[in-house]
Amino acid sequence: MEKFAIDNMNLYYGKFHALKNVNLHMEQNKITAFIGPSGCGKSTLLKSLNRMNDLVEGCKITGEIKLDGEDIYGNMDVNILRKRVGMVFQKANPFPMSVYDNIAFGPRTHGIKNKKELDRIVEESLRDAAIWDELKDRLKKSALGLSGGQQQRLCIARALAIKPEVLLMDEATSALDPISTGKIEELCLKLKDNYTIIMVTHNMQQALRISDNTAFFLLGEMVEYNSTDAIFSAPQDKRTEEYITGRFG
Amino acid sequence: MADKSIKTDMNDVKEIRAINRVSFKQRMISYKRKPLSLLMLIIVAASAAISAAALIFIMVYVLIRGIPNLTPDLFALNYNSDNVSCMPSIINTVVLTLFTLIIAVPFGVGAAIYLAEYAKKGNRLVKIIRTMAETLAGIPSIVYGLFGMLFFVYALNWGYSLLAGAFTLAIMVLPTIMRTTEEALITVPDSYREGSYGLGAGKLRTIIRIILPSAMPGILAGVILAVGRIVGETAALIYTYGSATGYAANPLSSGRSLAVHMYVLTNEGLHTNQAWGTAVVLLVLVFGINTLSAFIAKKLGNKKG
């Protein structure tokens, strides 16, 4: 089933044409990976999906982006959109508060006040993010004292706590060691039963390992979009082939 | 040999000659090669020593002159021209500080939130406000006193009063609070804002729950600076708060703050010893307020951490 539909989308930062006529339809309960060299616009596209680009001054978007057939740049409330489309950032960004409060921030934002309910959500989210066992005795401790890998999984748990339908991951493992990366990849594979995951990655092995579909971007253009197997075994475009075989980028 | 050095027995640690330790001799050799850096070291070390010495000298001097004059009379509940009690002034100073902060902090912090979080970057209005705040922060306090006298005391007909004094001082410390708060807000990492917005939190919630708590130590530093100026102020108060010797029991009654009290005592020349005693009290009061603020800052820090 189709989750996100991007049609004839263009994005400008001031005069710079960052994304050129992108058409991309992404499926539900699948992992879609965006690959491409730095500056190709893949992160920019990701941030357009939950309107984080609204925060960037001088950013203009044309075209259409639909979530379940509903125009996200239309009448949809942006805070509701971001509740439905959660995000994990490149650099782990836990808030300077306790582990518990970090997770509970989202649910509290959306009106859950009941202590028991919050306790349940915190435990469930941390379990889903495969970090409950490590953190269950440190819920009241500051999240800033955790290791980099733990912080990133905490941020995933925080995103899961608001029960999003889609999870956007912006190079979420690029700053982590291989073991933490492995844990997060495993996690993604587990999560896709219930969530739609869209990830930006610089690591082509990662895209190959866990994604179902892959889109290749170059200089603001979406060059090729297909099942990951097809992209990596039989790329249609010469530029895709050159990139995945490491001849440029 | 190699085996011995790997041992980490506590007894051995002392005997280890760490090669990364810079000896005095090595340092001298490197200074010989670069005499300018030795000169730099001497200049900054001397500056630090002189600054510290000046501060310590004043403190010790005040304490030596003042402590012998800390008689029970000085703390009598009511002032008369015999005991020149500073008790009313202590209470008045605390009340004045609270009133001033109650007026200045909401406006100062509010304005800073607007400048840092809402106003567009490069907005002309913002630049004008910033320049004005910087100018206002540097104006001699007597100018504020004069304005307070003309506006609050006469035009609004509040007379010499707690209200007139507090409003005058509030205007005086407003730029300080505004600027330090704005700096504190700007240093909050954008990743916190992104994280909060990304979870569907609105601007208001992001500011109240995430940004302000993170900026709290910086904001409190500004408030402490403001408290210092309020407690130490005389020129702006003499013609607004006045120098009545009793307790300022209601917002429209006059009183004297501790600093004004000291000024009057010194000015009259009859109670110089008591003025020294009062100076010790002022010193302790400022120290106390700063310690309390640091404690509050730590408490708030713990709460979020």
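Computed from the coordinates by the stated procedures, all read-outs in this text should not be read as laboratory data. What you are looking at is a predicted structure, and each value in this text was computed from that prediction instead of being measured. So basically every Cβ, Gly included, is an ideal-geometry build from the backbone, and we count neighbours across all protein chains shown.
Determine the alpha carbon to alpha carbon distance for each of A:Lys47/A:Lys83; A:Lys83/A:Lys141; A:Lys66/B:Lys121; A:Lys15/B:Lys120 and list only those over 21 Å.
Values: A:Lys47/A:Lys83 14 Å; A:Lys83/A:Lys141 26 Å; A:Lys66/B:Lys121 31 Å; A:Lys15/B:Lys120 19 Å.
Beyond 21 Å: A:Lys83/A:Lys141; A:Lys66/B:Lys121.
Counting other beta carbons within 10 Å of each residue's own, what order do B:Val153, B:Val284, B:Val95 fall into, fewest first?
On the way: B:Val153 23, B:Val284 14, B:Val95 18.
Taking fewest neighbouring Cβ atoms as first place, the list is B:Val284, B:Val95, B:Val153.
Can you bin region B:197-250 into rounded, prolate or oblate? Criterion: square roots of the alpha carbon gyration tensor eigenvalues sorted a ≥ b ≥ c, rounded for a/c under 1.5, prolate for a/b above b/c, oblate for the rest.
Numbers: a/c = 4.72, a/b = 3.05, b/c = 1.55.
Cα axes put region B:197-250 in the prolate bin.
Provide a whole-number value for the mean count of partner chain Cβ atoms within 10 Å of the Cβ atoms in peptide A:121-130. Don't jump to the answer; show the numbers that get you there.
Values: counts 0, 0, 0, 0, 0, 0, 0, 0, 0, 0.
Shielding by partners across A:121-130 averages 0.
Once the mean of 1/r is taken over each pair of separate Cα atoms and inverted, chain B shows a Kirkwood hydrodynamic radius of 23.3 Å. Based on Cα contacts under 8 Å between residues 6+ apart, chain A shows a relative contact order of 28 percent.
Evaluating 6.51 cos²θ - 1.76 cosθ + 1.60 at θ = phi - 60° for every residue in region A:219-230, the Karplus couplings come out as 6, x, 10, 8, 7, 8, 9, 6, 5, 4, 4, 5 Hz, glycine and proline recorded as x.
By other beta-carbon atoms within 10 Å, ranking B:Thr187, B:Thr240, B:Thr206 with the fewest at the front produces B:Thr187, B:Thr206, B:Thr240.
With each label modelled as a point 7 angstrom along the Cα→C-beta vector, the B:Leu63-A:Met76 pair spans 6.7 nm.
Farthest towards the positive end of the charge dipole of chain B, among the residues B:Ser30, B:Thr187, B:Ser214, is the Cα of B:Ser30, using unit charges on the Cβ of Lys, Arg, Asp and Glu. Take the Cβ atoms of B:Glu183 and A:Ala230, set R0 to 60 Å, and the FRET efficiency comes out at 0.65. The equivalent ellipsoid of region A:1-145 has semi-axes of 33, 17, 15 Å, largest first, where each one is the square root of 5 times an eigenvalue of the Cα gyration tensor.
Helical runs assigned H by DSSP (4 residues or longer) give chain B a calculated mean residue ellipticity at 222 nm of -22000 deg cm²/dmol, each run adding -39500 (n - 2.57) before division by the residue total.
Taking every DSSP bridge with both residues inside chain A, close to 60 percent are antiparallel. Structure remark: mean-square fluctuation, Gaussian network model of chain A, C-alpha springs under 10 Å; the largest value among A:Met199, A:Met76, A:Met52 belongs to A:Met76.
In sequence order, region B:98-105 has phi-based couplings of 4, 4, 4, 5, 4, 7, 7, 5 Hz under the Karplus curve 6.51 cos²θ - 1.76 cosθ + 1.60, θ = phi - 60°, and Gly or Pro positions carry x.
Once you reduce region B:84-116 and region A:125-177 to the center of their Cα atoms, the two points are 42 Å from each other. Placing unit charges on the Cβ atoms only, positive for Lys and Arg and negative for Asp and Glu, gives the protein assembly as shown a dipole magnitude near 1200 debye about its Cα centre.
Structural size metrics of region B:144-234, computed from C-alpha coordinates, are Rg and Dmax of 18.0, 53 Å.
Think of the protein assembly as shown as having a plus end and a minus end, set by charges on the Cβ of Lys, Arg, Asp and Glu; of B:Gly159, A:Ala92, B:Ala116, B:Gly159 sits farthest toward the positive end of this dipole.
The alpha carbons of the protein assembly as shown give a radius of gyration and a Dmax of 31.9, 101 Å, in that order.
As I understand it, the value is the acute angle between the Cα axis of helix B:124-137 and the longest principal axis of the Cα atoms of chain B; what does it come to in degrees, rounded to 10? Once rounded, one gets 80 degrees.
Using DSSP, restrict attention to beta bridges with both residues in region A:78-224 and report what percent are antiparallel, rounded to the nearest 5.
30
Dipole of the protein assembly as shown computed with +1 at Lys/Arg Cβ and -1 at Asp/Glu Cβ about the Cα centre; of B:Leu265, A:His17, B:Gly148, farthest Cα towards the positive end is B:Leu265.
Rounded, prolate or oblate for region B:215-289? Axes are the square roots of the Cα gyration tensor eigenvalues, ordered a ≥ b ≥ c, and the cut-off for rounded is a/c under 1.5.
Taking the square roots of the gyration eigenvalues as a ≥ b ≥ c, region B:215-289 is oblate.
For B:Ala244, the residues whose modelled amide H falls within less than 5 Å of its own, excluding neighbours fewer than 5 places apart on the same chain, are B:Gly255, B:Arg256. Mind checking the angle between helix B:24-33 and chain B's longest principal axis? C-alpha axes, 0 to 90 degrees, to the nearest 10. Once rounded, the angle reads 80 degrees.
When B:Trp158, B:Trp276 are sorted by how many other C-beta atoms sit within 10 angstrom of their C-beta, beginning with the fewest, the order is B:Trp158, B:Trp276.
Over the residues of chain A, the helix contribution to mean residue ellipticity at 222 nm works out to -10000 deg cm²/dmol, using -39500 (n - 2.57) for each DSSP H run of at least 4. Kirkwood radius, region A:108-249, all distinct C-alpha pairs, inverse of mean reciprocal distance: 16.9 Å. When the Gaussian network model of chain B links Cα atoms closer than 10 Å, the mean-square fluctuations of B:Ile208, B:Ile50, B:Ile29 top out at B:Ile29. Taking each residue of A:90-99 in turn, how many C-beta atoms of other protein chains fall within 10 Å of its C-beta, and what is the average? Taking the mean over all residues of the peptide, I get 5. Ordering B:167-173, B:291-297 by mean Cβ neighbour count within 10 Å, with the highest value first, yields B:167-173, B:291-297.
What is the dipole size for region A:128-186, taken about its Cα centre, with +1 at each Lys and Arg Cβ and -1 at each Asp and Glu Cβ, in debye to the nearest 20? Could the numbers behind the result be given before it?
Numbers: 8 positive and 10 negative charges, 84 e Å.
Computed charge dipole of region A:128-186: roughly 400 debye.
Using only the Cα atoms, what convex hull volume per residue in Å³ does region B:36-186 have? Provide the component values of the computation, followed by the final result.
Working: hull volume 28.8 nm³, N = 151.
Cα-based convex hull of region B:36-186, divided per residue, equals 191 Å³.
The amide H of A:Phe217, built 1.01 Å from its N in the peptide plane, has A:Ile35, A:Gly36, A:Val223 as neighbours under 5 Å, considering only residues 5 or more places off or on other chains.
In plain terms, chain A is cut at each of the trypsin sites (Lys or Arg not before Pro) found in a DSSP loop with at most 14 other Cβ atoms within 10 Å, and the longest leftover piece is A:142-246.
Among A:Ser125, A:Ser227, A:Ser43, which one shows the highest mean-square fluctuation when chain A is modelled as a Gaussian network with alpha-carbon springs under 10 Å? Looking only at A:Ser125, A:Ser227, A:Ser43, the largest GNM fluctuation is found for A:Ser227. Counted over the protein assembly as shown, the DSSP beta bridges are approximately 60% antiparallel. Take every Cα pair under 8 Å whose residues are at least 6 apart in sequence, average their separation, divide by the length of chain B, and the relative contact order is 24 percent. Inter-chain Cβ neighbour count for B:210-218, averaged per residue, equals 1 (cutoff 10 Å, partner chain atoms only).
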